[in-house]
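One structure below.
Readers should treat all values here as calculations from the given coordinates under stated rules, not as data from a laboratory. All values derive from a computational prediction rather than experimental measurement. Cβ: placed from backbone, ideal geometry, glycine included. Neighbour counts: every protein chain shown.
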Amino acid sequence: MKAIIIGAGIGGMSAALALGRCGYDAEVYEAVKEIRPVGAAISVWPNGVKCLNYLGLRDPVKALGGNMAWMAYRDYISGNNMTRFSMAPLVSRVGESPYPVARAELQQLLIESYPAEKIHFGKRVCRIEQDAEGVSVWFDDQSHARGDFLIAADGTHSVVREYVRGFPTERRYAGYVNWNGLVSIDESIAPANQWTTYVGEGKRVSLMPVSDNRFYFFFDVPLPKGLQEDRSTVREDLKGYFRGWAPPVQRLIDAIDPQTTNRVEIHDIEPFMEFVKGRVALLGDAAHSTTPDIGQGGCAAMEDAVVLASVLASHSLSLEDSLLRYQQRRNERVKDLILKARKRCDVTHAKDPQVTEAWYQALTREDGVNVLAGMCETIEGGPLG
């Protein structure tokens, strides 16, 4: 049985690998001619790591990951710890470590783990038709493909989503801008084995270790949508937004490379339930685009891939029935992740300043138990426990 997968990102390639493990012939079609990942890095939490382990990538994923042994929140002016605690209780409870990884390197690993002749670039979807026997898709280069079913993993700007839902889906601006990139580890900014976040004024500056002695960094600032800012003004913009913040934050701004620093206006999509139309199914951001505030966007796409393959492999009533069962198993899980991320987004970015100030005060009393319990609940909701 043949699958057509639209999108060679993390979700699409995870789906290709998962389906391949279950005996399906999957061909991947990617719109761009050259992969350029959006965002510098990705937090692969243990639920995502377990999915990658399932796909046979245990050792290479460990090699790409940073050692995030500790977690700390720091005061934005003094730079002092508000709270600091070990991640060991989380690892012990859920049975796997988190691995922050450079996004380009994870995506390259996934692509290299799949037969090159089954991945086709420069294939932008312009039309889809299906019948009782299969699905046909046409691309803007006049080429055509046909398979038994189609999986759309074409991201938050999915062109297939409208075909599945029957109408366009609006993206919702979450109210803040995120700058992200990679820098060499500098322990005068943050420890090399710690997820460190400076918080204040509804803003945050965060650093996570990834492989090769690098930090993944990001800055968040609540801002209006559509400001005329670009790489030419990155350092000046950040200096202005973080004026008066602690010396390590200023050192980080001085250390970044404006040419490799991404600026992203953060959006999500209101949760919806229609992931499937006949033999066509949505996966990853095409089905459930979320803000990055709990770090579960990529992990949720990996979960989708594992659930999709397991449902197709274990049910035999019909292909359409199996895809609906995939939809049913993912609906509530990803809705929960979107709404959790949205709630965390609003608290972090001072949608209600009093709520955010109360959170800051609570952090000074936090011993890690509450933070890790919330993380564990999210992780344990995944398909692999």
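So here's what we get for this one:
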item	result
Single residue of the stretch 366-385 satisfying the filter (of a type in the set (Val, Ile, Thr) and surrounded by 13 or more Cβ atoms within 10 Å (Cβ to Cβ)) that is farthest from GLY95 (Cα to Cα)	VAL371
Count of the stretch 227-249 residues which are free of Cβ contacts under 8 Å to residues at least 24 places away in the same chain, assigned to a loop (DSSP other than H, G, I, E, B) and either within 27 Å of the chain's Cα centre (by Cα) or surrounded by 12 or more Cβ atoms within 10 Å (Cβ to Cβ) (or both)	1
LEU308 being surrounded by fewer than 18 Cβ atoms within 10 Å (Cβ to Cβ), in a helix (DSSP H, G or I) and under 23 Å from the mean Cα position of the chain (by Cα)	no
Cβ-Cβ under 8 Å pairs, at least 6 apart or on other chains, the stretch 267-293 side within 15 Å of GLY12 (Cα to Cα), far side outside any strand (DSSP E or B) and among the acidic types (Asp, Glu)	LEU283/ASP304; GLY284/ASP304; ALA286/ASP154; ALA287/ASP304
From the options LYS118, LYS123, LYS50, residue that is out of contact with any strand residue (DSSP E or B) (no Cβ under 7 Å at 6 or more places or on another chain) and touching a residue at least 12 places away in the same chain (Cβ under 8 Å)	LYS50
Restricting the stretch 267-302 to residues that are acidic (Asp, Glu) and not in a loop (DSSP other than H, G, I, E, B), the residue that is nearest to LEU339 (Cα to Cα)	ASP268
Matching residues in the stretch 347-365 - criterion: being in contact (Cβ under 8 Å) with a residue 60 or more places away in the chain and either in a helix (DSSP H, G or I) or crowded, with 18+ Cβ neighbours inside 10 Å (or both)	THR348, HIS349, ALA350, PRO353, THR356, TYR360, LEU363
Residue selected from the stretch 130-163 under the condition touching a helix residue (DSSP H, G or I) at 6+ places or on another chain (Cβ under 6 Å) and assigned to a strand (DSSP E or B), by the criterion surrounded by the fewest Cβ atoms within 10 Å (Cβ to Cβ)	PHE149
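Listed here are the residues, each with its yes/no results for (1) in a loop (DSSP other than H, G, I, E, B); (2) crowded, with 19+ Cβ neighbours inside 10 Å.
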site	(1), (2)
ILE4	no, yes
ALA8	yes, yes
SER14	no, yes
TYR29	no, yes
ILE35	yes, no
GLY39	yes, no
ILE42	no, yes
GLY48	no, yes
LEU52	no, yes
